[in-house]
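J.: Got a structure for you, written out below as structure tokens; questions coming shortly.
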Amino acid sequence: MNVVVNGLMTNYSKVGKGRVVVCLPGWGDSTTAFDKLANVLKETYTVLSLDLPGFGGSQAPSQAWSLEDYANFTRDWLKKINVGKVYAIVSHSYGGSIAIAGIGDSKLDCERLVLLASAGVRDNKVLKRKTVELATKIAKYPTLVLPRHYRRKLRHKVYESVGSDMLLLPRMEQTFKMIIREDVRPRARLINVPTLLIYGSKDDQTPVSYGRLLTAAIAGSNLEIIQGAGHFLLSDSAEQVSKLVKEFLNNDA
């Protein structure tokens, strides 16, 4: 489904009936990431999955966006499609950062929050961020004499060597650089809704240590660790994730 929100063509999916569950995907991902979970929840809930601006079928913003910008956009999208009340927000990775920022800043409101391999803990990545920034400079200046397509290839290899997928989405590079500077823990401390965090024991992108730090920040939250799972819980551990999420959402007594 498509709708124009704040001048941006926006894609989202809607399945099921009942109380509203909003799904926010990770960096570079799309609504399809939640297909397996939505299939489990749709008998009880209306599941809305959003392609965040710049990803999937949604138009990219014309300038770099912060987590606050994405939270504002999510709020405005819900208003545009006439969703007045959200029961739960389910988010993966970068989508978790948006959810935490939005709820912590009172831009988004829900009764339940699920964070799947949520990103947003930044101080442990300071060295890596600085390495990415340095790699950009090193890769950029000595190669100015090369043809443009060779420069792109070389820069991509440099980013890849320090674990960044930034150049897979070059139009979003400035947004990426802005977001990796934002630590969501101060906003997480302001969250007062029941929260379930799920992390994979072998996740090397958002490790379990992030989950423990966020669990400590969010009062009354609960951390589940799926043994042997990596970062892409929604696909690789779909059955376990669906079971945990469904039980959590249904337990609203």
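Bear in mind these aren't lab numbers, they're just calculated from the coordinates by the rules spelled out. Note that the structure is a prediction, hence the values are computed from the model and not measured. Using ideal geometry, Cβ is built from the backbone for each residue, glycine included, and neighbour counts are taken over all protein chains shown.
J.: Would any residue of region 58-92 have its amide N under 12 Å from a label point 7 Å out along Cα→Cβ of Asn2? List them or say none.
T.: Residues passing the 12 Å test: 58-59.
J.: Quick one: 3J(HN,Hα) in Hz for region 175-190, Karplus 6.51/-1.76/1.60 with θ = phi - 60°, rounded, Gly and Pro as x.
T.: With the stated coefficients, region 175-190 comes to 5, 4, 4, 5, 5, 5, 8, 9, 9, 8, 4, x, 6, 4, 5, 8 Hz.
J.: Further, regarding this structure: Please list the non-local residues whose amide H lies under 5 Å from the amide H of Leu223, H modeled 1.01 Å from N, same-chain partners needing a gap of 5 or more.
T.: Leu197
J.: Also: What residues have an amide H closer than 5 Å to that of Val5, excluding those fewer than 5 places away on the same chain, when H is modeled at 1.01 Å from N in the peptide plane?
T.: Thr10
J.: Evaluate the distance, in nm, between pseudo-label points positioned 7 Å from the Cα of Gln227 and of Lys80 along their respective Cα→Cβ axes.
T.: Distance between the two pseudo-spin positions: 4.6 nm.
J.: Once amide H atoms are built 1.01 Å from N in the peptide plane, which residues 5 or more positions from Leu108, or in another chain, come under 5 Å H to H?
T.: Under 5 Å from the amide H of Leu108: Ile103.
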